[in-house]
Amino acid sequence: MVNNPLTKNIDMTRPPMDIAAYEANDGYQSIKAIAKGLSSDDVLQQVKDSGLKGRGGAGFPTGLKWSFVPRGDDSPKQKYLVVNADEMEPGTFKDRLLMEGDPHLMIEGMIIAAYAIHASKAYIFLRGEYIVSQQVLTRAIAEAEERGYLGKNILNTGFDLDIVVHTSAGRYICGEETALLNALEGKRANPRAKPPFPQVSGLWGKPTIVNNVETICNLPGIITYGVDWYHGLTKGNDHGTKLFGVSGKVKTPGCWELPLGLPIRELLEDYAGGMQDGLELRAFLPGGGSTDFMLPQHLDVTLDYDEIAKVGSRLATGTMIVLDNKTCPVGMVGNLMRFFAHESCGFCTPCRDGLPWVDEIFNEFENGRGNEKDLQILHDHVTYLGPGRTFCALAPGATAPLGSGLKYFKEDFDRHIKEKCCPYKH
Amino acid sequence: MSNGDVKMSNDMIASTATRHRKLSAEEIAEIEHEMTLYPDKKAVGLEALKIVQKYQGWVSDESLLGISKYLGIPASDLEGVATFFNLVYREPVGKNVILFCDSVSCWIMGCEGIKKHIKDTLDINYGETTKDGDFTLIPVPCLGDCDRAPVMMVGPDLHRNLTPGAIDKIILDYSKSKSAE
Ligand SMILES: Cc1cc2nc3c(=O)[nH]c(=O)nc-3n(C[C@H](O)[C@H](O)[C@H](O)COP(=O)(O)O)c2cc1C
Ligand code: SF4
Ligand code: FES
């Protein structure tokens, strides 16, 4: 049986499969099942039963999210599906691989999701810099239209679906799902107040589901091979496979599809080849720039949402950033703070004013002018910018590496103060 | 109001509606196509800015006013969008825009040294254009290729695993492709 449903067609040394090759490898079977009578309620139920959790960062159960979309005759007729392909989380490089490696998998997944929630229009909100993704997806959409898998009355089911590729113009905040909806409507991408949630009132006020690229790519496998097969994939508590990446000074950085539930050590040592010669593992961010640092003592924790939460971090995007013992931890956190400060949308005060202040203090540390008072201000911001105090999750995301960095790298902050310079540079 | 203020307001967008540039036929055709994809023409504002930039290289006040007039979107709304997004250029840029990733994985892999090499070679900082107008250097967040860091884009092309030597070759290649034209 297939054990790598997300990447089974991917081979980056050649162009992605065209529709014929994709179909020959079990592709678009789910659309045929729909044509044979699989109802949208069935699809929704299967996705709920699969236990799939969103791969965009928050890990929210996908079927449950879909079930909030109003159904039935008195619900708004127009509903939308939006695929979040804005991938800008620092250190995250998985959605690009899926789109450029196997575009039909995502398109098939979009048809399944749109069918389940009764959406006749879907937008792919694609990062503007992903030029190859745009080309590859546009070509694949045209192929699917030609086969009658998209357009009006798909395979005589009475179900219509159009997919539009929207390229963004570069702002991390657009990945936040309500900011994304504003951007898609042509507005400045400030987040929206919730409630109402997009599932009820989203794009142009209509019920809207926003799902991550990788979440969508899980759907064809679930429908084609079934929920039991899907449940057989995992090695841990959460279901399915996931793309896991490793970047930083390891021997073979890369991105692999693995079952959930493997020990982190296996990813780092067997797949990424361990640290480069002469370097030791100091710490790592398990799932992109908005997650808390973890330490070598956590290597036997498994790659599961709940297990990683138990040690105070998040699996989030599953793309790990590795810090070695010869790279300055203060500099690394400072780099992340510069990113968050720059990408703050400016809507709420703690984030708009707080993050640049934090960034400025890191510059002072870098230049040997940091002091104890600055350190205290950094600590204070972990609270000021924390969950519940800002309008969206961007600033709380920044406090993850900041708070855990202050805790785990205290001696390094202290050395910057005492030695009046960055000890890693001198 | 002092004379200085009057002069300033003359340069301001709202009072220069007469200075709009008439959009070209190609630009209009692409904008019209985008209008079929969204239920609300306001959504096309950003698309129109990108389309104009594709043809003009950047979005001048005149172009912005041209779009405003064509779509019936207030110039201030369009400007609000244009200034929000990193990839909409409201100043002229060079022939090749370098989008240089300086996010965390590239930083760990030594992008600061690469940036310095670019700066020394081309004599430009972030936001600047070379005197010959060949290159503009702009920082960009994580380009989603962190396993092959350091990474940058030149125009539409992605360049990975950058070294100073690779930078020299890239700069030479793009400068050459200009002289070959
Ligand atoms: C600042 C910020 C940036 C985000 N960027 C992305 C992104 O680039 N891609 C993504 O899928 N989700 C991103 N998210 C999460 C989305 O808001 C949303 O939770 C996700 O797209 C839902 O999809 P899922 O349920 O399939 O995971 C971001 C969230 C925040 C707060
Ligand atoms: S937390 Fe930051 S990004 Fe989010 S709304 Fe406030 S200012 Fe904008
Ligand atoms: S950090 Fe540079 S490509 Fe991801």
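Where a number appears in this text, it was derived from the coordinates with a stated rule and is not lab data. This structure is a prediction, so every number in the text was calculated from the model and none was measured. For neighbour counting, all protein chains shown are included, and Cβ atoms are generated from backbone atoms with ideal geometry for every residue, glycine included.
Around A:Pro198, under 9 Å between beta carbons, what's the net of Lys plus Arg minus Asp minus Glu among the other residues?
+1
Who wins for biggest fluctuation among A:His239, A:His104, A:His166 in a Gaussian network model of chain A, springs between alpha carbons below 10 Å?
Comparing A:His239, A:His104, A:His166 in a Gaussian network model of chain A, the most mobile one is A:His166.
Any lysines with Cα under 16 Å of the A:Lys48 Cα? List them, leaving off those in the same chain fewer than 8 positions away.
Qualifying lysines at Cα under 16 Å: A:Lys65.
So in the stretch B:96-179, what percent of DSSP beta bridges are antiparallel if you round to the nearest 5?
55
So what are the radius of gyration and Dmax for the Cα set of the stretch A:246-324, in Å?
Both quantities, over Cα of the stretch A:246-324: 11.2, 33 Å.
Helix A:349-366: angle to the longest alpha-carbon principal axis of chain A, degrees 0 to 90, nearest 10?
With rounding to tens, the tilt is 50 degrees.
Report, by chain and number, residues whose modeled amide H sits under 5 Å from the one on B:Phe135, excluding near sequence neighbours (fewer than 5 apart, same chain).
B:Lys95, B:Asn96, B:Thr130
Could you tell me which of A:Gly56, A:Leu375, B:Ser175 has its Cα farthest along the dipole of the protein assembly as shown towards the positive end, charges placed at Cβ (Lys, Arg +1; Asp, Glu -1), taken about the Cα centre?
Farthest towards the positive pole: A:Leu375.
Once you place label points 7 Å from the Cα toward the Cβ at B:Glu32 and A:Lys8, how far apart are they in nm?
Reported label-point gap for B:Glu32 and A:Lys8 is 4.6 nm.
State to the nearest 20 debye the size of the charge dipole of the protein assembly as shown about its Cα centre, where the only charges are +1 on K and R beta carbons and -1 on D and E beta carbons.
It comes to approximately 640 debye.
Counting Lys +1, Arg +1, Asp -1, Glu -1, what net charge surrounds B:Gly113 among other residues with beta carbon under 13 Å of its beta carbon?
Once positives and negatives cancel, what remains is +1.
If the convex hull of the alpha-carbon atoms of chain B is projected onto planes in all directions, what is the mean projected area in square nanometres?
Details: hull surface 53.7 nm².
Result: 13.4 nm².
For B:Thr83 and B:Lys54, what does the FRET efficiency come to when R0 = 22 Å and r is the distance between their Cβ atoms, rounded to the nearest 0.05?
For B:Thr83 and B:Lys54, the calculated efficiency is 0.70.
From the gyration tensor of the Cα coordinates in the stretch A:43-82, what semi-axes in whole Å does the equivalent ellipsoid have, largest first, with each one equal to sqrt(5λ)?
Result for the stretch A:43-82: semi-axes of 21, 13, 7 Å.
Please report, largest first and rounded to whole Å, the three semi-axes of the ellipsoid equivalent to the stretch A:152-205, where each semi-axis is the square root of five times an eigenvalue of the C-alpha gyration tensor.
With the √(5λ) rule applied to the stretch A:152-205, the semi-axes are 26, 15, 8 Å.
Sort out for me the Cα centre separation of the stretch A:181-212 from the stretch B:102-136, rounded to whole Å.
Centre-to-centre (Cα) distance: 37 Å.
Could you tell me the largest-minus-smallest coordinate of the C-alpha atoms of the protein assembly as shown on each of the three principal axes, in descending order and whole angstroms?
70, 67, 52
For the stretch B:96-179, compute the orientation-averaged projected area of the C-alpha convex hull (one quarter of its surface), in nm².
4.8
What is the fewest-to-most order of B:Ser177, A:Ser120 by other Cβ atoms lying within 10 Å of their Cβ?
So the ranking, lowest neighbour count to highest, is B:Ser177, A:Ser120.
Using only atoms on other chains, find how many Cβ atoms lie within 10 Å of each Cβ of peptide B:31-39 and report the average.
That average works out to 3.
Between A:Ala283, A:Ala309, A:Ala189, which gets the highest mean-square fluctuation from a Gaussian network model of chain A, Cα cutoff 10 Å?
Comparing A:Ala283, A:Ala309, A:Ala189 in a Gaussian network model of chain A, the most mobile one is A:Ala309.
How large is the convex hull of the C-alpha atoms of the stretch A:19-231 per residue, in Å³?
Numbers: hull volume 24.6 nm³, N = 213.
Convex hull volume per residue, Cα atoms: 115 Å³.
Expressed as an acute angle from 0 to 90° and rounded to the nearest 10, what is the orientation of the C-alpha long axis of helix A:131-146 relative to the principal long axis of chain A?
With both axes taken from Cα atoms, the answer is about 10 degrees.
Using Cα atoms only, what is the angle between the long axis of helix B:61-71 and the major principal axis of chain B, expressed in degrees (0 to 90) to the nearest 10?
60
At each listed q (0.18 Å⁻¹), what is the log10 of I(q)/I(0) that the Debye formula gives for the stretch A:281-426 modelled as equal alpha-carbon point scatterers?
-1.03
Tally Lys and Arg at +1 and Asp and Glu at -1 over the other residues with C-beta under 12 Å from the C-beta of A:Glu360: what net charge comes out?
Numbers: positive: A:Arg338, A:Arg369; negative: A:Asp353, A:Asp359, A:Glu364, A:Glu366, A:Asp374.
Taking every Cβ under 12 Å from that of A:Glu360, the sum is -3.
Using the basic label-point model (7 angstrom from Cα toward the beta carbon), what is the A:Gln29 to A:Asp270 distance in nanometres?
Using points 7 Å along Cα→Cβ, the separation is 2.6 nm.
For the stretch A:1-54 and the stretch B:37-98, write down the distance between their C-alpha centroids in whole Å.
Centre-to-centre distance over Cα atoms comes out at 38 Å.
Could you let me know the centre-to-centre spacing of the stretch A:313-378 and the stretch A:246-309, using Cα atoms, in angstrom?
21
Averaged across the residues of B:133-145, what count of C-beta atoms belonging to other chains lies within 10 Å of each residue's C-beta?
Neighbouring Cβ atoms belonging to other protein chains average 5 per residue here.
Once Rh is set to the Kirkwood radius over Cα pairs, what Stokes-Einstein translational diffusion coefficient, in µm²/s, holds for the stretch B:14-84 at a temperature of 20 °C and a viscosity of 1.002 mPa s?
My calculation gives 181 µm²/s for D.
Go ahead and set up a Gaussian network model of chain A, Cα springs under 10 Å, then flag whichever of A:Asp324, A:Asp414, A:Asp102 fluctuates most.
It is A:Asp414.
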